[in-house]
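Notes follow the structure.
Every read-out reported here was derived from the displayed coordinates using simple, explicitly stated rules and does not represent laboratory data. Bear in mind the structure is a predicted one, so any value in this text is a computation, not a measurement. As a convention, Cβ positions derive from the backbone with ideal geometry for all residues, glycine included, and neighbour counts pool all protein chains shown.
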Amino acid sequence: MARHLILRTVTHDLLPVRSLLAMMLAMILQTIPVGPLQCNCSILGDEETGTAIVIDPGDEAERVAGVVRKLGLTVSHIVHTHAHIDHIGGSAEFKRLCGGKALLHEGDQWLYEHLEMQGQMIGMSITEAVALDAKLQEGDRFDLGHDKLEVLHTPGHSPGSCTFVIERDGRQLVFAGDTLFAGSIGRTDLWGGDSEEILSSLRGKLMELDDDAEVITGHGASTTIGAERRNNPFITGQYRI
Ligand SMILES: [Zn+2]
Ligand SMILES: [Zn+2]
C-alpha cells in the first residue's frame with residue numbers, strides 16, 4: 001500500500017503518462033532527469049519482490065539512491081543504454097550506494113575507457129568509471145519479479161547503444177536511450193556514431209515493437225512507438241541524415 005501511495009503522489013513534469021502506466025501494470029517506475037544534460041535515469045521496480053533495475057544513473061547518484069531507498073527497493077542490476085558520460089557518469093557512486101551488477105555493451109568499450117575525455121568536452125567531471133560486472137548482449141533477459149527486461153542491441157548513436165524492453169500484461173515499456181526521442185533521433189556525429197546504423201536499428205528493431213509501446217527516451221518527453229512510426233520525420237523518411 002505504501003508504494004501505491006508513493007506512485008500516486010509522485011508527479012513528473014515532463015512525463016505524466018508514465019506513472020499512470022506504471023500503476024496499471026503494478027510496476028514501480030520513476031524516471032528522474034539527472035545532470036546538466038538531464039539524462040533520464042529510470043528506476044524500474046517490482047512491487048512484489050522489492051527488486052529494481054536502474055537504467056542510466058548518469059549523474060546525481062545520491063539523489064537517485066535516495067529515491068531507491070525511499071521506495072524500499074533492492075537493486076539487482078544497473079544497465080546502461082550506452083557509455084556517453086551523461087548516461088554512465090554517476091554509476092560508480094550509485095553502485096557504491098545501492099549495489100547491483102553494472103552492465104554495458106562491449107561496442108561502447110572505447111567510450112567507457114575515455115570518460116574523462118568525454119567529460120572535458122562537455123564540462124562534466126568524472127573521477128571514476130563504474131566497475132563493470134558483465135557485458136550486455138542482444139537477447140539478454142534480466143529478471144524483474146515475474147517479468148524480464150530484454151536487451152536489443154541498437155547501434156548507431158554509439159556502437160554499443162542498447163534498448164531495453166519489458167512486457168507486463170501485454171503492454172511493452174521501452175527504454176531507448178539516445179536512439180529515439182519524441183519527434184527526433186539521436187545524433188550520429190559523435191564518436192562511433194553511424195547514421196545508416198541508427199536508421200536500421202530504428203526501422204529493423206524499434207519499429208517492430210507494438211504500436212502502443214510506451215518509450216522512455218534518453219532525454220526529454222516520453223512517446224509511443226506508434227506515434228514515432230507515423231510522425232517522426234527521420235523514420236518516415238521526410239528528413240534524411
Ligand atoms: Zn548519448
Ligand atoms: Zn544522452
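When the chain is treated as a GNM with alpha-carbon contacts under 10 Å, the residue of Leu97, Leu173, Leu149 showing the greatest mean-square fluctuation is Leu97.
Close amide H contacts of Ile28 (hydrogens built in the peptide plane, cut-off under 5 Å, sequence separation of 5 or more or a different chain): Gly45, Asp46, Glu47. Computed log10 I(q)/I(0) for the chain at 0.11, 0.13, 0.16 Å⁻¹: -0.50, -0.72, -1.13, from the Debye equation with unit scatterers placed on every C-alpha and solvent omitted.
Give the relative contact order (percent, whole number) for the chain; include only Cα pairs under 8 Å separated by 6+ residues.
On the way: 524 pairs, mean separation 34.5, N = 241.
The normalised contact order for the chain reaches 14 percent.
For a footprinting-style exposure proxy, rank Thr223, Thr154 by other Cβ within 10 Å, fewest first. Mind dumping the intermediate values first?
Working: Thr223 24, Thr154 29.
Going from least to most buried by this count: Thr223, Thr154.
Only Lys, Arg, Asp and Glu carry charge here, each on its Cβ (+1 for the first two, -1 for the last two); on that basis region 31-109 has a dipole of about 260 debye about its Cα centre.
Amide H contacts of Asn40: Val34, His219, Gly220, each under 5 Å away and 5 or more positions distant or on a separate chain (H built 1.01 Å from N in the peptide plane; Pro and chain starts excluded). Computed per residue of the chain from DSSP H runs no shorter than four, each worth -39500 (n - 2.57), the mean residue ellipticity at 222 nm is -8000 deg cm²/dmol. Amide H contacts of His105: Leu136, each under 5 Å away and 5 or more positions distant or on a separate chain (H built 1.01 Å from N in the peptide plane; Pro and chain starts excluded). Cross-link reach is defined here as a Cα-Cα straight distance under 23 Å, omitting same-chain residues fewer than 8 places apart; for Lys148 the lysines meeting it are Lys95, Lys101, Lys135, Lys205.
Per-residue HN-Hα couplings for region 156-173, Karplus 6.51 cos²θ - 1.76 cosθ + 1.60 at θ = phi - 60°, whole Hz, x for Gly and Pro? Using θ = phi - 60°, the values come out as x, 5, 8, x, x, 4, 10, 10, 10, 10, 10, 10, 9, 6, x, 10, 9, 10 Hz. Taking all Cα pairs closer than 8 Å and separated by 6 or more residues, the relative contact order of region 72-150 comes to 30 percent.
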